[in-house]
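The values are calculated or read from the model by the stated rules, or taken from the named source; none is laboratory data. All values reported here derive from a predicted model rather than from experimental measurement. A quick note on method: Cβ atoms are made from the backbone with ideal geometry, for glycine too, and the neighbour counts reach across all protein chains shown.
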Amino acid sequence: MTSMTRTRFHQRNPARGCRTSGKVTVTAASAEGLHQRARGMPRCAWMLLSALTVFVCASAWAASSSPPVLLDRIVAVVNKDVITLGQLNDRVDVVTRQLKQQKVSLPPIETIQRQVLERMIAERAQLQLAEDNGIRVDDQQVDRAIERIAAENQMSLADFRQALERDKLPFERLRTDIRTEILLARVRDREVDSRILVVDSEVDDFIAGEGKREAANMKGAEYLVSQILLRIPDGASSEQIEALRAKAQGVAAQARAKTAFSELAVSQSEGSDALQGGSMGWRARNRIPELFLAALDTMKPGDTSGVLRSPAGFHVLHLDDLRGVSKSEEQVEQIHAEHILIRTNELVSDGEAHRRINQLRERIVEGANFEELARLNSDDGSASRGGDLGWIFPGDTVAEFDRMLRQLSPGELSEPVRTQFGWHLIRVIEKRRGDVSIDRKRAQARKAVRDSKSDEAYENWLRELRDRTYVEYRLEER
C-alpha cells in the first residue's frame, strides 16, 4: 500500500515537485522524507497526510500567475527515437542560412521544414542502424576530423574556433555534426560500398568508352550539375507513374521558363541533395551515371534537360557549369618520394607526435641521414625501406599528403604535414612523366565504375531503409 501511495504522489507531482517562488516546495527527495517519517503511522493518518500534501502542491501550482509554456514537442517518431520541434527548428535555421549564402530564393518555411524533417528521419534511421551494429566514433576521431577541416581552411584550431564563434555556430554543435557525418559514412561503407561488385566486362566497357571520350575531347571534363528527383513509390500503379511523369515535365517546363532551378529543387525534389538547391557538386564523368551523361553531352551550361527515367524515379537535370574539356595526355606526373610517419594513438597525443616530427626534421636539416631516421622512427610499413614509397601517381595518397608532394621539388624536405594517420615528413627524390600501365588503367577504370555504381546503390538502399522504418508524423499537431 505504501509503495502504491508513493507512486500516485509522483504521478500528481508536476515536474517532479512544485516549483519554488515563495510557494510550497515538495520535491522527490522531500516526498521520500515524508514517506520515511510516516512509517508506523496509522493507515488513516498516512492517507490524510498524502492527500494534504498533494492538495497543497496542486494548489501552489494552480496559483501560479504564469500560464503553462510549451517548451518543446515531438514532431516525428522514428522507430524507437523521436525528433523534437526544437531539433527541427535548429536544423531549419542552418539550412536557411546556407540557402541564403547560396543566394537561393527561399520557398515557404513549411516546405523547408518538410524537406529537413525527411532528411532528419533518414539520418535517424541510419544512426539507429549504426547503434544496433555497434558502430562507434570516439572523441579522438572527431578531433582529427576537425583538425583536418581547420587545416584545409588554412587555420589553426584556435583560429577555426574563433571563426565558428563569429558565425554563431557552437563548437560542440560542430563536433556533434561531424560525429554524425563519420557515422553515416561508416554505415554507407558497411551496408552499400563494401557490397558493390565490379566485373571485368564492366571494366572493359569503361575503358572502351574512355577511348570514345578521348576522341571527343571530353575525357577530362567535369560537370557542375543540379537535379530534381521525383521518386516512384514501390508498387506504384501505372496511373501514379504517369502522374509523376506529368509533374516532372511541368517542373522541367518551369525551369526552362527561367524559374530558378535551385528554388524548384528545394520545394519539389525528393533527392538527398534537395536542400543544396539540387546541386550534386563538381563531378568527373566517371562519377556521373550513363543515363545523365547521355543528356549532359547534348547540353550547354545553363540548359535544363528533359525528363529522365531511372529505377529511382524521374529526374530533371540542370547543367550549371562545365570545365576541363580538353584531350587528356596519356602521360601523367609520377613522384618518387620517401617519408617518416609518427602516428597519433591512445599512447601518443597529437602534440607529442608533432614535437617528435619537428625534432626529426631539425636533425635532418642539420645533416642526419633521412633513411636511417626513417628506419628507426617511422610508424609506417615503409620504415624497413628507409621510408621509400616508390613511384606515386596522382590520387594515390590522401589529399594533404598529395598536395605537399606536388609543391616539393626533387631533393626538397617538407615541413611537418598532418593527415588522418598522424604527422609526416616528406622528401621528394625525383619526378617524371610516364605512361600509365595497362594494369593501372584497369585499376583506375575499376574504381571509376565502383564510384559510379556506389551513388545509385546508396540512394536505392536509403529508400529501402526508409520504407522499412516506422515513422509517425506529428508536425501538424498543435
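The table below gives the values:
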| read-out | value |
| --- | --- |
| Of the criteria (1) buried (at least 20 other Cβ atoms within 10 Å of the Cβ); (2) within 26 Å of Thr111 (Cβ to Cβ); (3) basic (Lys, Arg), which one Arg245 fails | (1) |
| Thr419 touching a residue at least 12 places away in the same chain (Cβ under 8 Å), buried (at least 18 other Cβ atoms within 10 Å of the Cβ) and of a type in the set (Ser, Thr, Tyr) | yes |
| Among (1) surrounded by fewer than 20 Cβ atoms within 10 Å (Cβ to Cβ); (2) over 30 Å from Ile207 (Cα atoms); (3) β-branched (Val, Ile, Thr) - the single one Val266 does not satisfy | (1) |
| Flag for Arg427 being basic (Lys, Arg), assigned to a strand (DSSP E or B) and farther than 14 Å from Pro394 by Cα | yes |
| Residue in region 129-140 that is touching a Ser or Thr at 6+ places or on another chain (Cβ under 9 Å), surrounded by 14 or more Cβ atoms within 10 Å (Cβ to Cβ) and over 17 Å from Tyr470 (Cα atoms) present | yes |
| Check on Ser279, surrounded by fewer than 18 Cβ atoms within 10 Å (Cβ to Cβ) and closer than 25 Å to Arg466 by Cα | no |
| Residue that is farthest from the chain's Cα centre (by Cα), among those in region 63-79 that are aliphatic (A, V, I, L, M) and at pLDDT 65 or above | Leu71 |
| Some residue of region 305-320 being at pLDDT below 90 and buried (at least 16 other Cβ atoms within 10 Å of the Cβ) | yes |
| Qualifying residue in region 264-286 (condition: at positive phi and touching a helix residue (DSSP H, G or I) at 6+ places or on another chain (Cβ under 6 Å)) | yes |
| Test: residue in region 364-379 that is surrounded by fewer than 19 Cβ atoms within 10 Å (Cβ to Cβ) and within 32 Å of the chain's Cα centre (by Cα) | yes |
| Residues located in region 384-407, provided they are crowded, with 18+ Cβ neighbours inside 10 Å and assigned to a loop (DSSP other than H, G, I, E, B) | Gly387, Thr397 |
| Selection from region 235-286 of residues that are of a type in the set (Lys, Arg) and either out of contact with any Asp or Glu (no Cβ under 7 Å at 6 or more places or on another chain) or farther than 24 Å from Arg119 by Cα (or both) | Arg245, Lys247, Arg256, Lys258, Arg285 |
| Single unsatisfied condition, Asp143 versus (1) surrounded by 13 or more Cβ atoms within 10 Å (Cβ to Cβ); (2) modelled with pLDDT of 90 or more; (3) over 30 Å from Leu264 (Cα atoms); (4) of a type in the set (D, E, K, R) | (2) |
| Unique match (being within 30 Å of Ser452 (Cβ to Cβ) and β-branched (Val, Ile, Thr)) among Ile146, Ile241 | Ile241 |
| Unique match (being at pLDDT 90 or above and not assigned by TED's automatic domain parsing to the domain that holds Glu400) among Arg213, Arg179 | Arg179 |
| Residue in region 429-451 that is at pLDDT 90 or above and either under 30 Å from Gln128 (Cβ atoms) or among the β-branched types (Val, Ile, Thr) (or both) present | yes |
| Members of region 249-286 found to be among the hydroxyl-bearing types (Ser, Thr, Tyr) and part of a strand (DSSP E or B), listed by number | Ser279 |
